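Report on the structure given below.
The values are calculated or read from the model by the stated rules, or taken from the named source; none is laboratory data. Just so we're clear, the structure is a prediction, and the values are computed from it rather than from any experiment. So basically every Cβ, Gly included, is an ideal-geometry build from the backbone, and we count neighbours across all protein chains shown.
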Amino acid sequence: MGLRFSHPQAPHDSLHLPVRPRPVTAEVSPHVPTPPRRYPTPPPRGQRPPRARQPAQQPAGRPVKQRRRPRWVKRAATGFSVTVLAAAGIGHGVVTSLDTEIARVDAFKDMKNRPKGGNGMNVLLVGTDGRDKITKVEKDKYRLGGAPCHCTDTVMIVHISEDRDRASVVSLPRDSYAEMPEHVDRNSGDRHKAHPVKLNAAYAEGGPNLTVRTVEHMTKVKIDHYLEVDFTSFMKTVDVLGGVEICTSRPLQDSYTGLNLPVGTHRLNGGAALQYVRTRHVDGSSDLGRMKRQQRFLAALISKATSSGVLLNPLKFRDVSRTLLGSVRADKGFGTNEMLALGRAMRGFSPKSSEFTTVPLRSEGVQVPGIGSTLKWDPVRSAKLFQALRDDRPLAAHNLGRKAIVDVSPQQIRVQVDNAAGVPGLGKRVDNALRATGFRTSRVPGNVPGMLLKRTIVAYDPRWDRSAKSLATALPGCQMRAVRGQGATLKVLAGQDFKQVRPVGAEDAYQGEFGAVTGDQVVCQKS
């Protein structure tokens, strides 16, 4: 793809058509009048003009004429050029008008001693409450009651690679323990010295500017642009896309938000999607589980935008752009050229172009006097993660293919493989394949003498039935057999039907050093 941001003085669409110079047939003296141009007399109707006899060889000194292209080639090229120019013109017109409509914030005012910039572009994406803009009907339907908190619900660093081939999304928990720089409280006007807080307090006390300063101080990653999305713009964008498809391997019910999704695949409209990304009471993972769902939703949103042709259709792109950018707040530097370049780059995106992770944590629920329960980052692993962003390196292993989503991560499941088919080397082959997918195999496969099992069996203790179902998903067509008292280690009796292991992964599985997953690994699987 290789698209880059154009220079501010460059043409808006960076589309240059070659201009063929007109051939000069004769040198005309300014003092000699040009003879009148003569046109040949047309032949009578129904007769072809006589062909001029071509010389066998061009005279020396004259250029050899190039062979003329067929007329249909010229027409096709002209039509394609007109189409591209028209599409680009519509896109530029839409973005130019939006540039004047976007609410602007001075997110980088008077900032000093900032981190050194790296390769690629870093956008701080902030999701705010904004329930004061929601209608009463929507508040009641989607359980958005209460007063707006004017705080951040979501904080993410979105890193766009230098070659525009990859987007890395790093979630920063809003309850993260943070060291807030010295600042003036925008509510009271009081000057505060540097002090510890929760991360979301930065927006409440100092708005976008203090939020950017705090994130840069914590991550040592230079933020290039700031983008703020509220409940209203989120819901409208999902609706104009026609809804987003979400799948879940377990029921999701939350009495606080009203979310109620059974196992399976669901198309969510804007309101239901907001319930999905706000839910934090479906299990014991609280905010961490919610961030995983937000990442899965972003992957699904990218999948919908790219598969439905929104980024290639100027009219659809116009509608989505107007809906999203018409109700967001951005820094003053995020203008027409940046939006056009980013839009062109995203046209080549797909779910596998994106990767998602959460900053590594050292501990959860640490009580800090005056702050309450906080999340502290792992100092070593988080530093390596942010260094990878500065170095523009991928966070996840790409091109691994799609994975089936299971309830329990393979990394948490112990497996003993036995060859029960009498096929030489089968046990080792199954053991290696399961280990490559993430299962904790014994690496010492056994043999069951005298057994010629046709169908593979997964033997499990009923107390570990969720793990057994996850393992069975990786072995399509296998038979599950409950064995009381077997213990935590699952057993695979490899049968003659074994062909291969299906890649699987859980929503909370750590893939690679930073726990990152690619978008194609977490979107719904197509049958």
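Observations on the model:
- Cβ-Cβ under 8 Å pairs, at least 6 apart or on other chains, segment 215-227 side on the phi > 0 side of the Ramachandran plot, far side buried (at least 19 other Cβ atoms within 10 Å of the Cβ): K220/F386; K220/R390
- Of all the numbered requirements in (1) touching a residue at least 12 places away in the same chain (Cβ under 8 Å); (2) farther than 30 Å from N122 by Cβ, R435 misses one, and that requirement is (1).
- Look at segment 372-384: where a residue is in contact (Cβ under 8 Å) with a residue 12 or more places away in the chain and a partner is assigned to a strand (DSSP E or B) and among the β-branched types (V, I, T), sitting 6+ places away or on another chain with Cβ atoms under 6 Å, you get T374/V366; T374/V368; K376/V366.
- Qualifying positions in segment 102-117 - assigned to a loop (DSSP other than H, G, I, E, B) and either basic (K, R) or out of contact with any Asp or Glu (no Cβ under 7 Å at 6 or more places or on another chain) (or both): I102, D106, K109, D110, M111, K112, N113, R114, K116, G117
- Residues of segment 171-194 satisfying the condition of being among the hydroxyl-bearing types (S, T, Y) and either over 34 Å from the mean Cα position of the chain (by Cα) or closer than 10 Å to T214 by Cα (or both): S188
- Filter result (closer than 16 Å to V504 by Cα and not in a loop (DSSP other than H, G, I, E, B)) within segment 459-486: R466, S467, A468, K469, S470, L471, A472, T473, A474
- Candidates T248, T279, filtered to the one that is modelled with pLDDT of 85 or more, surrounded by 14 or more Cβ atoms within 10 Å (Cβ to Cβ) and in contact with a Lys or Arg (Cβ under 8 Å, 6 or more places away or on another chain): T279
- Residue satisfying all of: in segment 172-184; touching a Leu at 6+ places or on another chain (Cβ under 9 Å) and either part of a loop (DSSP other than H, G, I, E, B) or hydroxyl-bearing (S, T, Y) (or both); surrounded by the fewest Cβ atoms within 10 Å (Cβ to Cβ) among these: P181
- Unique match (being closer than 24 Å to G495 by Cα, within 37 Å of the chain's Cα centre (by Cα) and assigned to a loop (DSSP other than H, G, I, E, B)) among R393, R429, R443, R435: R443
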